[in-house]
Amino acid sequence: MSRADRAKLIEIEKLVKTYRMGQESMNVLHDVDLTVYQGEFVAIVGPSGSGKSTMMNIIGCLDIASSGSYKLDGVEVKGQSDNKLAAIRNQKIGFIFQGFQLLPKLTAIENVELPLIYRGLAGRERRARAEEALRTVGLDDRMHHRPSELSGGQQQRVAIARALAGEPPILLADEPTGALDTRTGQEVLALMENLHRNGHTIVLITHDMEVAERAERIVRMKDGVLTEDDSGRRNRREAVASIPNGV
Ligand SMILES: Nc1ncnc2c1ncn2[C@@H]1O[C@H](COP(=O)(O)OP(=O)(O)O)[C@@H](O)[C@H]1O
Ligand SMILES: [Mg+2]
């Protein structure tokens, strides 16, 4: 299947973000266009201050754009109430953060179950899904450990299982290896590559080009402007490689 035939999970057009501080206003994203197709592994890479976190917050429905359009899995995000945005976020996005954001008093499996509780899933089904997600990340033997009893790499894998458990169409990772040593970071990136091979759509945000190069597609952010970077493409599926000029 060519990329053009796949669903557009993220469709961003002419997106502008302006922060206002008193009388001053500052444009942080300038007319950003970005389309992410189902099954892609895209890295957004750029230096500090380039607008990555602003972009991540908008993609993750934690913030809204000042103008322009953002369709997430076909739904225009602009104009939705905070409650609706929270629901969209819970259903469409699996978040993976630099600092894992696990609850320290809960075990691995309880952490993974948490977003499923918000979704109203019953106990038995919830547990089964959480177990499956933990198996996917190779932590079936650590399900009842608390975060403090796990290494950093294991904690990040619990966080990835939590992101997977709700089967969201998109995984959104913000500097997922930022708190890990190089070797452990490599393991987490290898896991993400595996998830990609198994069909998951991943958006990875990082300042580190070496990390970005693990993705199949790289877009660069600089001073609030996004540009596609073909030189860094790796791990492309043949189907994607056959698209002329990659839209
Ligand atoms: N809430 C805010 N209010 C005002 N300016 C902000 C706010 N958040 C970020 N900025 C500014 O927007 C620019 C981009 O920031 P950010 O998106 O955090 O970039 P990055 O994540 O790439 O470091 C920076 O100049 C930053 O100072
Ligand atoms: Mg940032």
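The values are calculated or read from the model by the stated rules, or taken from the named source; none is laboratory data. It should be emphasised that the depicted structure is a prediction, and the values quoted were computed from it without experimental measurement. Don't worry about glycine lacking a Cβ; one is built from the backbone with ideal geometry, like all the others, and counts go over all protein chains shown. To get the accessible areas, we keep the full protein, side chains included, count just its heavy atoms, and leave off ligands, DNA and RNA. Shrake-Rupley method; radii C 1.70, N 1.55, O 1.52, S 1.80 Å.
General remarks:
- Length added when fully stretched, GLU187-ASN90, from 0.36 nm per residue minus Cα-Cα: 32.3 nm
- Stretched out straight at 0.36 nm per residue, the stretch from HIS207 to GLU24 would grow longer than its current Cα-Cα span by 63.1 nm.
- Size descriptors for the chain, from the alpha-carbon set: Rg then Dmax equal 17.9, 56 Å.
- Simple spin-label estimate for HIS145 and GLN101 gives 2.3 nm between the two label positions (7 Å along the Cα-to-Cβ direction from each Cα).
- Listed by chain and number, the aspartates and glutamates placed with their C-alpha closer than 12 angstrom to that of LYS14 are ASP31, ASP33; residues fewer than eight positions away on the same chain are left out.
- Within a Gaussian network of the chain (alpha carbon springs, distance under 10 Å), most fluctuating of GLN23, GLN155, GLN91: GLN23
- Straightening the chain between ARG124 and VAL225 buys 31.7 nm, computed as 0.36 nm per residue apart minus the Cα-Cα spacing.
- Every helix of 4 or more DSSP H residues in the chain counts as -39500 (n - 2.57), and over all residues that averages to -10000 deg cm²/dmol at 222 nm.
- The range 36-51 and the range 70-140: distance between their alpha carbon centers, rounded to Å: 21
- Ordering THR177, MET21, LEU85 by Cα displacement along the dipole of the chain toward the positive end leaves LEU85 in first place; charges were set at the Cβ atoms of Lys, Arg (+1) and Asp, Glu (-1).
- Candidate lysines for bridging to LYS17, where Cα separation is under 19 Å - those fewer than 8 sequence places away on the same chain excluded: LYS52, LYS71, LYS78, LYS222
- Expressed to the nearest 5 percent, the antiparallel share of DSSP beta bridges inside the chain is 55 percent.
- Between GLY224, GLY199, GLY51, the Gaussian network model of the chain with springs among Cα atoms under 10 angstrom shows the greatest mean-square fluctuation at GLY199.
- Among GLU175, GLU187, GLU24, GLU110, the order of accessible area from largest down is GLU24, GLU187, GLU110, GLU175, computed with a 1.4 Å probe on protein heavy atoms.
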